[in-house]
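So the structure is just underneath, and the comments pick up after that.
The numbers here are math on the coordinates, done by the rules we state, and not lab data. All values reported here derive from a predicted model rather than from experimental measurement. Every residue, glycine among them, receives a Cβ derived from its backbone with ideal geometry; neighbour counts consider all protein chains shown.
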Amino acid sequence: MKPTYDIFRRLPDGGPIWIEAVQSLQFAKDRLTSLLEAQPGEYFVYDLFQSKIVEYLDSRSLREDESASPTAAPSEIKSVISKRLG
């Protein structure tokens with residue numbers, strides 16, 4: 001089975017919303033860039049097998065030239081993925 005990477009967007013209340021799953025990390029990175037261009041915000045890629053965020057982009061930090069860091073708790077993300085896989 002190929003690893004999949006889940007792409008999320010951070011909601012204004014801080015919770016994650018699942019966007020889609022992709023099969024390669026490079027495609028996930030490219031997709032984050034296109035999502036960010038279409039709708040600014042916070043986006044991240046979560047690797048369920050490693051239980052961690054592996055890529056993160058935030059349009060606010062890009063504008064302000066600050067370091068960005070993801071704030072989603074792994075349990076929050078796993079809950080969203082579990083509901084999706086249902």
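If we keep just the residues of region 1-18 that are of a type in the set (A, V, I, L, M, F, W, C) and within 11 Å of TYR46 (Cβ to Cβ), which is farthest from the chain's Cα centre (by Cα)?
TRP18
Out of region 1-32, which residues are surrounded by fewer than 13 Cβ atoms within 10 Å (Cβ to Cβ) and assigned to a helix (DSSP H, G or I)?
GLN26, ASP30
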